[in-house]
Amino acid sequence: MSNKHGNLSINSDNIFPIIKKWLYSDHDIFYRELISNGCDAITKLKKLDLMGEYDLPQDFEPKIQVLVNPEEKSLKFIDNGLGMTAGEVEEYINQIAFSGATDFLEKYKDKASEEQIIGHFGLGFYSAFMVADEVHIDSLSYQKDAVPVHWECDGGTEFDMSDGNKDTVGTEITLFLNEDCLEFANEYRAREVIEKYCSFMPTPIFLKKENAETEYETIPAEEVTEKDTVVETIVEEAKFEEQENEDGTKEQVEVSPRTEKAKIIKRPVALNDIHPLWGKHPNECTDEEYKTFYRKVFQDYKEPLFWIHLNMDYPFNLKGILYFPKINTEYDSIEGTIKLYNNQVFIADNIKEVIPEFLMLLKGVIDCPDLPLNVSRSALQNDGFVQKISDYITKKVADKLSGMCKTDKEAYEKYWDDISPFIKFGCLKDEKFCDKMNDYILFKNLEDKYLTLPECLKTEDEKTEGEKDAETDSPVESPDTPDSENLDAEAEEKDTRKPVYYVTDVQQQGQYIKMFKEQNMDAVILDHNIDTSFITQLERRNEKIKFVRIDADLTESLKEEVSEEDLKEAKDNLTETFQKALGNENLKVSVEKLKNADISSVITLSEEGRRMQDMMKMYGMAGMDPSMFGGDQTLVLNANNTLVQYILDNKDSEHVPLFCQQLYDLALLSNHPLSTEAMSKFVTRSNQIMLLLAK
C-alpha cells in the first residue's frame, strides 16, 4: 500500500474538541473503550475459528496487554484479535458517521447520558484523543496474505496511513499522552482504572510497565510448564542428622528431602476475572463464593445479610447478584451501589431507568447484554424493554423476600431491622412491590415479637370476638329501648376500619404503653423516620385498616363504662379551672374514668394532627404549634384519680393553679419532650410542690 494522507470524513471540524471536552464525563473511560475494542476483536476471531473460516494456532491464548511508559509519556493497548486491513481502517477509523457535530450536541445534550452512549456510535476508539496528543495504530489482519497497516493522527482532522511492520495478528494502539493526562501512564493509576472498568471483561488483561526490570519468582520444579522461562534451577540436597537408637547404635536419619526449585521469569497475572460469579448457575455457587465476591467487588468486609442470584435467558438475557448489606443507619444515609454491565463490560453505577430507585440502596451487579445502550437517557426512560427488565428485577426481589418470610420466618425476622428501611422505601416508590410485600412486612410488637399485617389484624379480630362473647354473657337491653333506636345510624357514621395501634418512642410513650398492657392490648413499634409516609401508603392500599398512634385517643378498653351525662358537670368545672389556670381559653379538655386510677392526665393528639407534627419535624419546623395545621390536641383528665378529684373539689384553692399547670406538663411529657422554657418552669414548679408537702 502506498502512503496515504487524508482528511477524516467528518461533517464538522470541531468533532475533536467535542470528544475531548464534552462527550466523556470521565477521562479515564478511554481505558474501557480501547480494552473493550480489543476484547471484541478477540471474540470475533474465536467465532471465525468456530465457523471454520480461520484456524487459530494451537498455542493461541487470548489476551489484552496494556503497557505503560511514564518516561515516554505513552500507553499501548495490544490485542491478538482479528486485526484490520487498510480497507477496514479506512472504513472504521477514517469515516465517522455523524450527521454533524451540531446535531450530535443537540441530540445528546443531556450530560447524564454520556457514559451510556460511549462505544455505541463508533466513538470508542476516538476516546483516545481525550488524553492523547497523538495516536498510532499498528494492525495485521487475520486474512491470508494481509499486509500490516500503520495509521497515525495528531488529534486534528488529518491522518497518515502506510504499510506497517507488525508481524503478529492483532492490533496495537499507542497513545502519546498530553501533559494534562500523564497520570494515566502511571502503573498504579492504570491498575486502578482497569480494575474499575474492566474487572470482569471476558478476555484476560495484563498490565506491565514497559522496559521495566525483569521480575522473577521461585516455584517447585515439578510445577514448571512449557510457558515458563527457567532462569536457574536451585537444588537443595537432602539433610541428615545422626540419631542414637535404643540399643546405643547410631545412624544417619533424613530430616529434609532433596528438593528442586526453578527460578523463572515472573508469571503475568491477569487483572480481571473472566468468569464472574454472576455468570454461573446459582446451584454451582457456594455461600463462601458469594461472600468473597461481595468483599472483592464492594470492598465491604461486613458480611451481607443475604443475596439474590438473577439468572434469566428468556424473554431477555439478564444475570446478576443483588446483595442486602447490613444497615445500621437511618434511611437517609444509606448508600448502595448497583453496577451495570453489558457482556461483562462495566457501563455505569445505578442507572435508575434499569434499576428501580429503591433497589439502589442495595449492592450488586447486573449484566444485561440485551440492554439498548445506543440511545439517549430520555429514550431509555421510555423504552418498554427497559421497563420489563426493571419489573423483572423488582419481582425477583419481592419473590425472594416473601419466600423467605413464608419458608424461613425466623431468619427473615433476624434480618428485618436491617432490611426494613429498604422494603419500606420500596413500598413508597413502587406500588407493585408494595402489593407483593403487603402481607410480608413485619411489625415488632410491645413484646418484641414480629407480626405480619394479617397477624396484626387477626389479633384485633380475636379481641373483638372476645368482647362480643363478654357482651353476650351480660344482660343486654331490648332493641326497643330508646337508647338503641339509632344504633344502625351510629354504626354507619362510625369509622369501621380496623385500627393498628403503634408506638414511635417506647420511653416517651411509656405511660400509654402501660395502660395498653394492663388491658392486654397490643401495639407495634414504628420508630423510623420513614414510617409516617410508609403507613399512609399502607392505608391507601389497605382500605379496611387504619394506623393509630397509641396516644391519638383513648380506646374504650382503657375506660370504665360511664355516660357522658354523668361526667358533664365534672368536665365543665375542670375545663373552666384548667383554662383559667393555664391562661388558655381554647384548651380542649376531656374527662374520663380510666381503669388505672394512678394516671392523672394524658394528652391525645388526633392521628392527622400527629402526622402533621411529624412532617413538621422532618422539615425542621418542630417548634411550631401543630394546632396551626389542624392539630386536634386534647387534655384528658382521669376522674378516678385522687389529684384530679382534689382539683375538682377545691377549685378555689390557692394551690389549684399550680397543680393544674403541673398536671398539664406531666401529660405533655408523656406525649413529647417539653421545650427548654417549659422544662425550666416544670422543674421550678416541682420544687414548689415539694416545699408545700414539706410544710
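The values are calculated or read from the model by the stated rules, or taken from the named source; none is laboratory data. Keep in mind that what you see is a predicted model, and the values were worked out from it rather than measured. Counting neighbours? That spans all protein chains shown, and the Cβs are built from the backbone with ideal geometry, glycine included. Accessible surface areas use protein heavy atoms only, side chains included; no ligands, DNA or RNA. Shrake-Rupley method; radii C 1.70, N 1.55, O 1.52, S 1.80 Å.
Quick notes on this structure:
- Dipole magnitude (debye, nearest 20) for segment 200-261, charges at Cβ of Lys, Arg, Asp, Glu: 580
- Note on Asp273: accessible area is roughly 50 Å² with a 1.4 Å probe, heavy atoms of protein only.
- Potential lengthening between Cys285 and Ser686 on full extension [0.36 nm per residue; Cα-Cα distance subtracted]: 137.7 nm
- Positive-end residue, segment 150-217 charge dipole about Cα centroid, Cβ charges, pick of Met161, Cys198, Tyr188: Cys198
- A straight chain from Lys209 to Thr642 at 0.36 nm per residue would run longer than the Cα-Cα distance by 147.1 nm.
- Taken per residue, the accessible surface of segment 242-371 reaches 52 Å², heavy atoms only and a 1.4 Å probe.
- The listed peptides 49-60, 68-79, 527-538, 554-565, ordered by packing as a protection proxy, come out as 68-79, 527-538, 554-565, 49-60 (highest mean of other Cβ atoms within 10 Å first).
- Spatially proximal aspartates and glutamates relative to Lys458 (Cα-Cα < 13 Å; intrachain offsets below 8 disregarded): Asp439, Asp522
- Of all accessible heavy-atom area on segment 209-275, the percent that carbon and sulfur account for (1.4 Å): 44
- Sorted peptide list for 438-449, 314-325, criterion being average Cβ within 10 angstrom, highest first: 314-325, 438-449
- Segment 496-578 - percent relative contact order, Cα under 8 Å, separation 6 or more: 40
- Here's the picture: charge each Lys and Arg Cβ at +1 and each Asp and Glu Cβ at -1 in segment 497-587, and of Gln519, Val503, Asn586 the one pushed furthest to the positive end of that dipole is Val503.
- Between Arg258 and Lys395, the distance separating the two model label sites (each 7 Å from Cα on the Cα→Cβ line) works out to 6.9 nm.
- For the pair Ser653 and Asp417, a Förster radius of 45 Å applied to the C-beta separation gives a FRET efficiency near 0.30, rounded to the nearest 0.05.
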